[in-house]
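Okay, structure first, notes after.
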Protein chains: 4
Amino acid sequence: MVRVGILGGTGYTGLELLRILASHPEVEISWVHSERFSGASLEEYCPAWRKRVTLVISGREVFDRAREVDVVFTALPHGVAMEYIPKLLEATRVVDLSADFRFRCKETYEQWYGIPHKAPYLLGEAVYGLPEVYRERIRTARLVANPGCYPTSVIIPLFPLLREGLIVPPIVVDSKSGVSGAGKKASEDLHFCEVDENLRAYNIGTHRHGPEIAEQLSVLGGKESEVYFVPHLLPVKRGILSTMYITLAREVSEEDLLILWEQAFSKEPWVRVFPQGRFPELKWVVGSNFIDLGLRKVGARNVVIVSAIDNLTKGASGQAVQNLNVMFGIDERVGLPGGVLYP
Amino acid sequence: MVRVGILGGTGYTGLELLRILASHPEVEISWVHSERFSGASLEEYCPAWRKRVTLVISGREVFDRAREVDVVFTALPHGVAMEYIPKLLEATRVVDLSADFRFRCKETYEQWYGIPHKAPYLLGEAVYGLPEVYRERIRTARLVANPGCYPTSVIIPLFPLLREGLIVPPIVVDSKSGVSGAGKKASEDLHFCEVDENLRAYNIGTHRHGPEIAEQLSVLGGKESEVYFVPHLLPVKRGILSTMYITLAREVSEEDLLILWEQAFSKEPWVRVFPQGRFPELKWVVGSNFIDLGLRKVGARNVVIVSAIDNLTKGASGQAVQNLNVMFGIDERVGLPGGVLYP
Amino acid sequence: MVRVGILGGTGYTGLELLRILASHPEVEISWVHSERFSGASLEEYCPAWRKRVTLVISGREVFDRAREVDVVFTALPHGVAMEYIPKLLEATRVVDLSADFRFRCKETYEQWYGIPHKAPYLLGEAVYGLPEVYRERIRTARLVANPGCYPTSVIIPLFPLLREGLIVPPIVVDSKSGVSGAGKKASEDLHFCEVDENLRAYNIGTHRHGPEIAEQLSVLGGKESEVYFVPHLLPVKRGILSTMYITLAREVSEEDLLILWEQAFSKEPWVRVFPQGRFPELKWVVGSNFIDLGLRKVGARNVVIVSAIDNLTKGASGQAVQNLNVMFGIDERVGLPGGVLYP
Amino acid sequence: MVRVGILGGTGYTGLELLRILASHPEVEISWVHSERFSGASLEEYCPAWRKRVTLVISGREVFDRAREVDVVFTALPHGVAMEYIPKLLEATRVVDLSADFRFRCKETYEQWYGIPHKAPYLLGEAVYGLPEVYRERIRTARLVANPGCYPTSVIIPLFPLLREGLIVPPIVVDSKSGVSGAGKKASEDLHFCEVDENLRAYNIGTHRHGPEIAEQLSVLGGKESEVYFVPHLLPVKRGILSTMYITLAREVSEEDLLILWEQAFSKEPWVRVFPQGRFPELKWVVGSNFIDLGLRKVGARNVVIVSAIDNLTKGASGQAVQNLNVMFGIDERVGLPGGVLYP
C-alpha cells in the first residue's frame, strides 16, 4: 500500500484527489490537510462523505509528518507550494498540482506568475507529469510537476505530430473550460448568475497556460513554437474541450493522421482516439480520466483537432494519481475512474 | 414626467429598476447612486448599457438631492434603508425595496431581522405595496414598502380565497426561487459549481419571508394564519414558482374557484389566471411583470395552487414601478415589461 | 459470479444499469438487448464505453437465452415488460424496472396505466423491491418489482414514522425531479430550450406515482393513506428532492424523530440521516445509491421532511442492483456507487 | 403603419419576430401563419401571450392574402421558402429568413443544400440582408435574404479589415452557439440531458454557414477567401460567440484597428465596439439586437477578434426587422430590443 498525504485537501482539486484515492485499492490516505477546515471531519465539511470515509482534516502539524507517507500531493496555491516542497522532499516524494515547478525556465515562471521563484534549483529536477510523454522519467522522479488542465488537453494530441515534424506554426488553440477550473473560492465573476447562460473569452493572449503550452511544444517539437491560445468560460461545472487549428508541413491524409495517433496511443490506457467522422464531447469524458481525441482535414494542409478531458480528473487530480501509479510501479489503470455519469 | 432617483442602483434589483425605467415613457431618471461604483459610467459598470443610456453613477451627494425628484427608490440593504428614509420623506416620496417597512408590527421586524427598528413611527404610515390588494392606499402614500418576492407569489393567489373565508389553516407553501433573489454579492454558496445541477431547501421554517406572508394573510383573512413556508434554491437565474396546498372550508368546484379568481383579477393588468388544466411555468413569466396563476382540486376539499413570477420584476423592481404608476396616476400597464424572452 | 441479462439496455435506466454492473465485482453481464441498436457495439452507441467494455448489443434472440443467466433486468416500457416476464420466469429470476408489477391491486394498475394487465396472477407473488422495507421477501423472490423513483424518495423517510402511528393524514409531497426521469426519447417538452431556466409542476394530482405511493403508505401505515403528490420538472439532469409536510399524531421532539430514523436506518448501507439543522441536497447524492434524509419541526405537530436521491441510481438502476445483491446473498454495499461527482 | 405577414410563425424565429413586431410602433401584424397550429389562438399556443396579443394563427389561406400586407417574413424551412416566394413577390416584398436566397451562386446553394434551386433567376436580385454592408441596396429590394446567424457574427467584424486589405488568409473562425439556433423541433440530440453540461463541435468543415461566410468574405475582400469554420453547441438557450484568428497583411497597432472599427461603426445603431481590454460576452447581448465586438493583438501580425450576438435577434429575427426598417424608411433603432435581461 502506498501511503499518501494531501496538502490543501478541501479545494476542488483536493476533493477530486479524495474521490479517486478513497477507492484506489493500493493507496492508503494517511492525512488530509486544510488550514481553514482543520479539525473538522470530512463528512462535516462535505456531506457526500457520510457513511463512506471517516477522516478528520488536519492542520499545519502534518507538515512535520511527511516521513510517514510515501508521497505527498500538494494542492496548494501557486507560490505557496514552492515554500514547502523543498522541505517535503527531504522526507518523501511529491506530486505538485500547482504551477510552481512546471517550467524549466525560472525566468518564464517569474515573468508569468509575477513572483520570485523560491526553489529554482529544483526546476531542473522536477519532471513534467504527463505520463504519455515523460513516463520513464516520472518512474524515478522525486518531484513531479503535474501539468495544467489546458496544457494537458493540448500537448497530448499535438506531440505525436510535432515529433514527426508535421506541424508548421502557428498553432491556434481555442479552449473552453468548465467553472471548476477556477477553484472553489467565492468571486463575483463566478456567481451563478454571471456564468449561467453566458460564455466569455478571458485572458486572451495572457493566460498563464499559454507559456506552459509553448514551452512544452517547443521542447517536443525541437524548435520554438508559436501558439495562439484563447480560453473561454463555459456554463458547465467540469470539462475542457480544446479545438486546435494546425497547418501541416506536407500533405498527409486524414487516415494517416489517425494511424499516427493510433500508433502513439493504442497502448495508452487513458487516451482514446475517435474513429474517422466522430468527435469528442464533454459528456463522454466528464468524471473519467480519459482524454478523447478526434480530427478532421478541412483543407489540403489544414487540420482541426478536438480534444476533451475532465479538467479536475485528467486535467488535475486524475493525472496526479496516474503519476502516482507510474511512480510506484502500479498498473496505470488501477484506481482511476473510467466511467462517466451519463446522462 | 416623473423624476426618479435610485439609491443602491448597482445590485440586481437596482439594475432591474434601470432596465424598466430606462424605457418608461413617463419617467426621467435623475440620478442613480452606488457607494461602490460612484463616478463610473453605467456602461463601464455594465457593458449592456453601451449605446443605450449615458449616465454617471453618483455617490453619497445625492442624499441631499431628494428634493429634485418626485420619488426615490431605495434598493439598499435591510437596516440601511431605514436610516435614510425618514430624511428622504421630508423632501419626496419613497418606494422602499428593502424589508424595513413591510411589517405593521415593530416587534415582528426586530425578532426576524435581529436589529432594533430606527423609525418605528413610520410603520403605521407605510403602505404594503401590493397594488392588487392595497391600490387605493398606495395612490396617496408617502412611503410604499415594496413586498418581498416570495410573499408576492403567495399573497396574490390566496387573498381572494381568504377574503371569502374559503381556507382552513394550515397553508403549506413550497416555493422555488432562482439565484438572483440572493443578490449579486459573491458567496461560496452561490458559486456556479455549488448551484448548477443542484437543488436545496434552505431556511426551513426560519426564512424572513415566512412572517411577512403570515402577517399579510392574517390581515387579509381576518384571523391568525398558519403557514408552513419552505423556500428552495433553483439552478436558474430568475423566477419563483410557488406551489401551495390548501384545505377548503367547504366544498367548492374547480370551476367556481377559477371564477372567483377571474372576478378578482380580470381587470388586473398584471395577473393572469390560467384556464382549467393549464399551469404556470417560469418560462412564461421571466422578464415580465406578470404573475401567472393556476389551480387544481386534488381532493374534495384539497386544492393545489401554482403561481409563477419573475422575482426581480413582479417580485421586486417591476412591482416597484407598478407602485410608481399607481402613486402618480399613470396607467399601470405603462412602462412595464409584458414580454418574455422565449425561448 | 451472478450472470445477468438486460432487456432494454440503451435507455437511461439501461445505461445506468451498465454503468453500475460493469464494475460490480460479483456480476458478469451475459447480454444486453436493445431492439433499436441491435448489432451495434456498446462503444459505437455510446463512446463513453471506448477502451472500457467490449460488448455487442443483442436483438430479440436473447429472449430465448434467459436460461443462461441468473437474473434478467427488464428495463422495458410499461405494458411491454409484462408481455415477456411470465415466460422469463420459467427460466430465471427477474428484476423489473417498469411499473407493471408494482401494484398489489390489478384494478389500480389498470385504472392508472390505462391498459389491461396481462399477468395479474403474478401481482401477488411480485415483491416491491425496496430493500429497506421488504428485504426478507426480496431474498427469495422470483420477481422483484423495482419501485418508482418518486415513491423511493417518499416511502423510505416516511415508513418508520407511519409504523409508529405518528402521522395524521393528509401528507403533502412536493417533489422536484431532474429530466432523465422522463427517459431518453426525443420530445418537444424535453428540448433543451424548453427545460433550461424553467420550472414547471406537471401531472398535478394525476401522476402515476401518486397511487404507487398511496398504496405502499397504506400498507405500511395499516390504514388508508391520503397523499397529495405534485411533481415538478427541474433543469438538471439527475436527482429528486422531495419535500414532505406531515402532521404528527402527538407531540414528538425533533431530536426524538431523528432518533427514530437513526434506529431504523443506522445499519442501512444506503440511507443517511442528516444531523439536526442540516438538510439533503442533490449534489450530495447524484451519482450515488444513497438516499439522504433531513427533517425540521416547524410547528408543535408539524414537520418538514426532505429527502434526496439520484433518480437513476437509488431511484431506479442502483436500487435494482441493490435488489440483486439481496437476492443473491451479496453484501448490499458491493458494486454500488457511493461517491458523487462533486463539484 | 407597415402591414406585415409572417409565414411559419410558431418556430423559434417566428416567435422572436412576434416578440419584436408586437411592440414595434410602426408595424401592424396582419396575419401569422403556421400549418401545424392553424386555428389556435396565439395564447393557447404560447401562454406568454395571454393578456398581451389576441391573434388567431392562420393556415394556408394566407398565401392568397399577400396583397394585404406590405411585407412578408418567410420563416419557413430551407427548400420550402423558395416554393412560395416567387408568387409572393408578385404581390408584396419579402424578407426571407431561410437560406434559399443567400447565395449569389446557384451551384453553391445546390451543392451545400442538396436540392435543386427552384427560383435561381431571383438569386441575382435578392439582396443579402446585412444593413451594415448592403444598406443602400436593401432600401429598394423586393427580396431580402436575411443572413445566417453565424455569418452575421463573422462578416460584420471582418469586413472593415477586409475592405482595407488587412487580412492575409486563412481565417480561423471558432464559433459557439446556443441551442435555439437548431430550432424548436424535438430531436434526441437536443434533449436536455444530451446538451446540459456538455459541449461539442459539430459539422466540422461541413456546416452550411461555412460557404455562406466564404462567399461574402470573398465578395467583400475582392478575392477568394479561405475560412476554417467550426461551430460548437453550447448549453445555453441563446447567443453566439465567435472567436476569430486572423493574420494581418502588415503591422497595425491594436489602437489603429479599434479606430478602423470605430470609423466603420460609430454611426451604426446596432454595432458596439468594446474599448481596449474589454471583450464581448453573451450576457451583454442576449435579448438585444446588438452585435458586440472586441479585439486583441497576440502577435506582431496576429489578432484575435471576438464577437457576440443573440442568434435569434441580430442573428435572425431582429436583423429581419432591422431590414424592414431600412426597406420602409424607418429609423433603424425603432422597434428593436436594445435591453438585455441581466442577470
If you go through C:R272, C:R238, the only one that is touching a Gly at 6+ places or on another chain (Cβ under 6 Å) and farther than 30 Å from B:A300 by Cβ is C:R238
Residues that are in contact (Cβ under 8 Å) with a residue 24 or more places away in the chain, assigned by TED's automatic domain parsing to the domain that holds C:I240 and within 18 Å of the chain's Cα centre (by Cα): does the range C:293-300 have at least one?
yes
The condition of being at pLDDT below 95 and either of a type in the set (D, E) or buried (at least 24 other Cβ atoms within 10 Å of the Cβ) (or both) holds, among C:E61, C:E68, only for C:E61
Flagged in the range D:166-188 as in contact with a Lys or Arg (Cβ under 9 Å, 6 or more places away or on another chain), surrounded by fewer than 19 Cβ atoms within 10 Å (Cβ to Cβ) and of a type outside the set (A, V, I, L, M), in numbering order, are D:P169, D:E188
Would you say C:V271 is under 13 Å from C:S153 (Cβ atoms), in contact with an Asp or Glu (Cβ under 8 Å, 6 or more places away or on another chain) and away from chain B (no Cβ under 14 Å)?
-> yes
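Let's see how each residue does on (1) under 21 Å from A:D174 (Cα atoms); (2) more than 7 Å from every other protein chain (Cβ to nearest Cβ):
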residue	(1), (2)
D:G277	yes, yes
D:L282	yes, no
D:N289	no, yes
D:N302	yes, no
D:I305	yes, yes
D:I309	yes, yes
D:L312	no, yes
Check: Is it true that some residue in the range B:252-271 is charged (D, E, K, R), under 28 Å from C:G178 (Cβ atoms) and touching a residue at least 24 places away in the same chain (Cβ under 8 Å)?
Finding: no
Note: among B:D292, B:D196, just one is touching a Ser or Thr at 6+ places or on another chain (Cβ under 9 Å) and surrounded by 21 or more Cβ atoms within 10 Å (Cβ to Cβ), namely B:D292
Note on the range C:31-67: residues farther than 18 Å from C:N323 by Cβ, of a type in the set (G, A, S) and in contact with a helix residue (DSSP H, G or I) (Cβ under 9 Å, 6 or more places away or on another chain) are C:S34, C:S38, C:S41, C:A48, C:S58
Restricting the range A:200-212 to residues that are part of a loop (DSSP other than H, G, I, E, B) and over 28 Å from D:D196 (Cβ atoms), the one nearest to the other protein chains (Cβ to nearest Cβ) turns out to be A:G205
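Here's the yes/no breakdown for (1) on the phi > 0 side of the Ramachandran plot; (2) touching a Pro at 6+ places or on another chain (Cβ under 7 Å):
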residue: C:Y12; (1), (2): no, yes
residue: C:I20; (1), (2): no, yes
residue: C:I29; (1), (2): no, no
residue: C:Y45; (1), (2): no, no
residue: C:A75; (1), (2): no, no
residue: C:G79; (1), (2): yes, no
Of (1) within 14 Å of chain D (Cβ to nearest Cβ); (2) in contact (Cβ under 8 Å) with a residue 40 or more places away in the chain; (3) in contact with a Lys or Arg (Cβ under 9 Å, 6 or more places away or on another chain); (4) surrounded by 24 or more Cβ atoms within 10 Å (Cβ to Cβ), A:P343 satisfies every one except (4)
Across the range C:216-243, the tally of residues that are more than 10 Å from every other protein chain (Cβ to nearest Cβ), aliphatic (A, V, I, L, M) and closer than 19 Å to C:N203 by Cβ stands at 1
Heads up, the helices (runs of 4 or more DSSP H) in the range B:112-199 (entirely inside) with at least 1 residues that are within 30 Å of B:S253 (Cα to Cα) and away from chain C (no Cβ under 14 Å) are B:131-139, B:149-163
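The values are calculated or read from the model by the stated rules, or taken from the named source; none is laboratory data. This structure is a prediction, so every number in the text was calculated from the model and none was measured. We place every Cβ from the backbone using ideal geometry, glycine too, and count neighbours over all the protein chains shown.
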